[in-house]
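Peer 1: This is the structure, below, for whatever I ask next.
The values are calculated or read from the model by the stated rules, or taken from the named source; none is laboratory data. Computed from a predicted model, the values in this text were never measured in an experiment. All Cβ positions, even for glycine, are placed from backbone atoms using ideal geometry, and neighbour counts span all protein chains on display. The area values use the complete protein model at the heavy-atom level, side chains included, leaving out ligands, DNA and RNA. Shrake-Rupley method; radii C 1.70, N 1.55, O 1.52, S 1.80 Å.
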Amino acid sequence: SSDRDWSSDVCSSDLAELSNLLSRLLGETVELKITHERDLGLVKVDQNQLEQVVINLAVNARDAMEDGGLLTIRTANVSADDAKALDHALMPPAEYVLIEVSDTGCGIPKEHLGKIFEPFFTTKDVSKGTVLGLSTVYGIVKQTGGYSFAFSTVGKGTTFSIYLTRYFETAEVESAKSAA
């Protein structure tokens with residue numbers, strides 16, 4: 001299976017390794033800040049696909065910050081109570097691991113927010129890429145059973161919040177791992 005369990009150590013080190021690539025992709029005018037919550041929960045994801053999600057969001061953020069800015073990637077645990085308090089109609093209350101990607105770019109107008117995950121929707125010039133980045137993000141996150149939301153203020157920036165269902169090993173899985 002291509003699924004892989006990510007723990008706080010793996011997620012932190014993998015995103016740290018990814019930061020080198022991101023720094024090159026972002027260029028000299030965009031500052032990259034990565035913060036991780038301690039004791040981050042496990043999620044069941046394909047590592048390459050999750051990296052693609054982060055890269056696509058980072059490149060999209062870079063393009064929104066033509067004059068430079070700050071890109072922040074944050075990970076955190078989200079309790080079922082906190083998830084319920086978020087009041088996302090499509091996201092059931094459960095425990096999640098959050099990956100949040102925020103930029104200080106130009107922001108996305110409200111009339112476009114509902115369309116940004118659609119294939120081929122773009123506000124950019126056609127010469128600026130494939131326009132499949134955000135629809136790819138949506139597809140990968142959906143495939144893992146997760147949820148993605150975007151919040152934006154024109155002139156201030158955009159935050160993409162990715163909620164991946166927290167994975168808890170059962171006693172049988174733990175026993176099988178110990179036996180192996």
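Peer 1: Carbon and sulfur: what percent of region 23-172's accessible surface (1.4 Å probe)? Let's see the in-between values first.
Peer 2: Working: 4240 of 8250 Å².
That fraction is 51 percent.
Peer 1: According to a simple spin-label model (label point 7 Å from Cα along Cα-to-Cβ), what is the distance in nm between PHE168 and GLU31?
Peer 2: 4.0 nm
Peer 1: Going by amide H atoms built from the backbone, whose H comes under 5 Å of the H on LEU42, apart from near neighbours?
Peer 2: TYR167
Peer 1: Here is a further query. Suppose we keep just the alpha-carbon trace of region 19-85; what are its Rg and Dmax in angstrom?
Peer 2: Using the Cα atoms of region 19-85, the pair Rg, Dmax is 14.1, 40 Å.
Peer 1: What list of ³J(HN,Hα) values in whole Hz, one per residue of region 72-82 in order, does the Karplus curve 6.51 cos²θ - 1.76 cosθ + 1.60 (θ = phi - 60°) give from phi, with Gly and Pro shown as x?
Peer 2: My calculation for region 72-82 gives 10, 10, 10, 10, 7, 7, 10, 6, 4, 5, 5 Hz in order.
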